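Read the structure below first, then the notes.
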Amino acid sequence: MIEIVKLVINGKEHILPVIEGSEGEKAIDIRGLRQETGYITFDPGFGNTGTCRSAITYMDGEKGILRYRGFPIEQLAEHSTFVETAFLLITGELPTRKELTRTSVYLNDFSPLHENMKAFYQNYPPKAHPMGILSAMVNAMRSFYPELIDLEEEMNTTYLRLISKIRTMAAMAYRISQGERVVYPRSDLCYCANFLNMMFDNVVVPYKIDSDLVRALNVFWILHADHEQNCSTTAVRVVGSGKVNIYSTISAGISALWGPLHGGANQAVVNMLEKIYSDGFTVKECLSKAKDKNDPFRLYGFGHRVYKTYDPRAKIMKKICDIALSKMKRKDPLLEIAKRLEDAALNDSYFKEKNLYPNVDFYSGILLRAMGIPVNMFTVMFAIGRLPGWISQWKEDVADPEMRISRPRQIYSGSQKRDYIPIKDRGQSVKQ
Ligand code: SDX
């Protein structure tokens, strides 16, 4: 039976179709609403608005389910690698052995940066935030890598070039900010090991590749690879809908991710935990500030627009934190504080009533610290992981015949019509 919705406005009945997804999610199709009724809908932050159909990622916020192209995140975290997961998100299927080998070879071939890009890095102020540098340098890539004639080759080359070079860009920004020589990618190292080596290798003490850390980094980036229509992915789709090149589109996604309410939360979590550890800021104070409406402080790493239960990624992240630290025979006092904070919050009525649970950012910073990643690079690490997701969402958007340039409406709340006031008459009290 075809489901419909009846809308009665001023006694007139309007029939609206219902759309159903492959997991039974339903939406009221309002594409004809304004034309038929003169009304628009109102939904700041799009909490109740579907902006597209997508076959990439499925989330169930009530059950804590996350799947990439149908594969549960728990299985990918256990069995897959980041490069394989990136292939899955972008193409829709897991690669054959031959496809995976070919992809790895391309990623190696594309890993060096255009030498002239180095001059940009060398001229940034040393304290420049690496997210600002990354967003600018990804945007600059179109200038260094002009569009290829063959569209298919252009698209495939661009995806691989972006995924490969974003590591080199991130590591270069870090090395130059430290006044250290730039370490170039090596063809004998896999994707994650190459990144760690570019970050930490040095002539005095050559970096020793630790297979446990390489595995932990693969899982870290798998957990961050996509998350349906989050803030930065929406930015990618909106900017991409204007048909600008993919580099500028991804650059917009990086900028959107930077904010502390989104990808910047992982840096904010560690800053919060360090305040508790070094400033004697207690867990109790932390929770009461988070609950105080007059205090802008939030319990970073907690809460989520979609998950109203434990973020499945946070569960896995917490586990790999424990494993990585115990294998490295290291204790991180911040991990113990994080666990105490989580226990306190999960047993606090405010957080329970509002369904506030740890999200992916709550433990991710602890793992990055264990790898030696500096705090101001945490959100860059999130961006490297999310890149395949942004690419897959952009690719789906540009290929979707239903998609048009993004141009929402508004409810105007400003002054009604009024006449120009000559400057000599201004300043008297005018009726608003
Ligand atoms: C990511 O969308 C995604 O998928 C994002 C992401 C991805 O992979 O792309 O999962 C990555 O961004 C994770 C979220 C990281 N951000 C943080 O950890 C920052 C702290 N969290 C909050 O700012 C908040 O929970 C958000 C931004 C994550 C969600 O915001 P919403 O959905 O707009 O919820 P809200 O702000 O309207 O909060 C609802 C209520 C409010 O109280 P009331 O006004 O109803 O009384 O819950 C309260 C909020 O004050 N609340 C919090 C809180 N989060 C929500 N109170 C204290 N501490 C918090 N962390």
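The values are calculated or read from the model by the stated rules, or taken from the named source; none is laboratory data. Since this is a predicted model, take the numbers as computed values, not measurements. So basically every Cβ, Gly included, is an ideal-geometry build from the backbone, and we count neighbours across all protein chains shown. To get the accessible areas, we keep the full protein, side chains included, count just its heavy atoms, and leave off ligands, DNA and RNA. Shrake-Rupley method; radii C 1.70, N 1.55, O 1.52, S 1.80 Å.
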*asked:* Taking the criterion of being within 13 Å of the ligand (Cβ to nearest atom), touching a Lys or Arg at 6+ places or on another chain (Cβ under 7 Å) and in a helix (DSSP H, G or I), would at least one residue in the stretch 360-370 satisfy it?
replied: yes
*Mind listing just one residue for me: the one in the stretch 285-310 that is of a type in the set (D, E, K, R) and more than 8 Å from the ligand (Cβ to nearest atom) and, of those, nearest to the chain's Cα centre (by Cα)?*
308
*Collect the residues in the stretch 289-303 that are in a helix (DSSP H, G or I) and open to solvent by 30 Å² or more (accessible area, probe 1.4 Å), keeping them in residue-number order.*
289, 291
*Exactly one condition in (1) touching a Phe, Trp or Tyr at 6+ places or on another chain (Cβ under 9 Å); (2) within 27 Å of residue 308 (Cα to Cα) is not met by residue 73; state its number.*
(1)
*Of the conditions (1) over 23 Å from residue 389 (Cβ atoms); (2) buried (at least 21 other Cβ atoms within 10 Å of the Cβ), residue 171 clears all except one; give me its number.*
(1)
_Within the stretch 372-388, tally of residues that are farther than 23 Å from residue 68 by Cβ and either in contact with a His (Cβ under 7 Å, 6 or more places away or on another chain) or assigned to a helix (DSSP H, G or I) (or both)_ = 3
*asked:* Return the residues of the stretch 193-232 that are open to solvent by 20 Å² or more (accessible area, probe 1.4 Å), assigned to a helix (DSSP H, G or I) and within 16 Å of the ligand (Cβ to nearest atom); say none if nothing qualifies.
replied: 231
_I'd like the full set of residues that are open to solvent by 20 Å² or more (accessible area, probe 1.4 Å), in contact (Cβ under 8 Å) with a residue 24 or more places away in the chain and more than 14 Å from the chain's Cα centre (by Cα), limited to the stretch 351-399._
354, 355, 356, 357, 369, 372, 374, 375, 376, 395, 396, 398
_Criterion first (over 18 Å from residue 385 (Cα atoms), in contact with a Phe, Trp or Tyr (Cβ under 6 Å, 6 or more places away or on another chain) and within 16 Å of the ligand (Cβ to nearest atom)) does residue 61 satisfy it?_
yes
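Please go through the stretch 338-350 and give me each residue that is among the aliphatic types (A, V, I, L, M) and crowded, with 20+ Cβ neighbours inside 10 Å, ordered by number. It would help to see each step written out before you state the result.
Just the residues of the stretch 338-350 that are among the aliphatic types (A, V, I, L, M), to begin with: 338, 341, 344-346.
Hits for the stretch 338-350 are 338, 341, 345.
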*Given (1) β-branched (Val, Ile, Thr); (2) at pLDDT 95 or above; (3) in a helix (DSSP H, G or I), index of the condition residue 306 fails*: (3)
*If residue 154 passes every condition in (1) at pLDDT 95 or above; (2) open to solvent by less than 20 Å² (accessible area, probe 1.4 Å); (3) under 26 Å from residue 90 (Cβ atoms) but one, which one does it miss?*
(1)
_Let me spell it out: the conditions are (1) open to solvent by less than 50 Å² (accessible area, probe 1.4 Å); (2) near the ligand (Cβ under 10 Å from one of its atoms); (3) not acidic (Asp, Glu), and residue 254 meets all of them except one. Which number is the exception?_
(2)
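Report the residue count in the stretch 311-326 for those that are surrounded by 22 or more Cβ atoms within 10 Å (Cβ to Cβ) and more than 16 Å from the ligand (Cβ to nearest atom).
Here is the first cut: in the stretch 311-326, the residues surrounded by 22 or more Cβ atoms within 10 Å (Cβ to Cβ) are 311-314, 316-317, 320-321, 324.
If we keep only those that are more than 16 Å from the ligand (Cβ to nearest atom) too, we end up with 320-321, 324.
Of the residues in that region, 3 qualify.
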_Residue selected from the stretch 104-145 under the condition of a type in the set (Ser, Thr, Tyr) and either in contact with a His (Cβ under 8 Å, 6 or more places away or on another chain) or more than 26 Å from residue 76 (Cβ to Cβ) (or both), by the criterion most open to solvent (accessible area, probe 1.4 Å)_ = 143
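Which count do you get for residues in the stretch 257-267 that are more than 10 Å from the ligand (Cβ to nearest atom) and surrounded by fewer than 24 Cβ atoms within 10 Å (Cβ to Cβ)? Reasoning before the result, please.
We begin by selecting, within the stretch 257-267, every residue more than 10 Å from the ligand (Cβ to nearest atom); these are 258, 267.
Cutting the leftovers down to surrounded by fewer than 24 Cβ atoms within 10 Å (Cβ to Cβ) gives us 258.
Residues in the stretch 257-267 being more than 10 Å from the ligand (Cβ to nearest atom) and surrounded by fewer than 24 Cβ atoms within 10 Å (Cβ to Cβ): 1 in total.
Let's see how each residue does on (1) in contact (Cβ under 8 Å) with a residue 40 or more places away in the chain; (2) part of a helix (DSSP H, G or I); (3) open to solvent by 60 Å² or more (accessible area, probe 1.4 Å):
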residue: 22; (1), (2), (3): no, no, yes
residue: 35; (1), (2), (3): no, yes, yes
residue: 40; (1), (2), (3): yes, no, no
residue: 63; (1), (2), (3): yes, no, yes
residue: 74; (1), (2), (3): yes, yes, yes
residue: 85; (1), (2), (3): yes, yes, no
residue: 102; (1), (2), (3): no, yes, yes
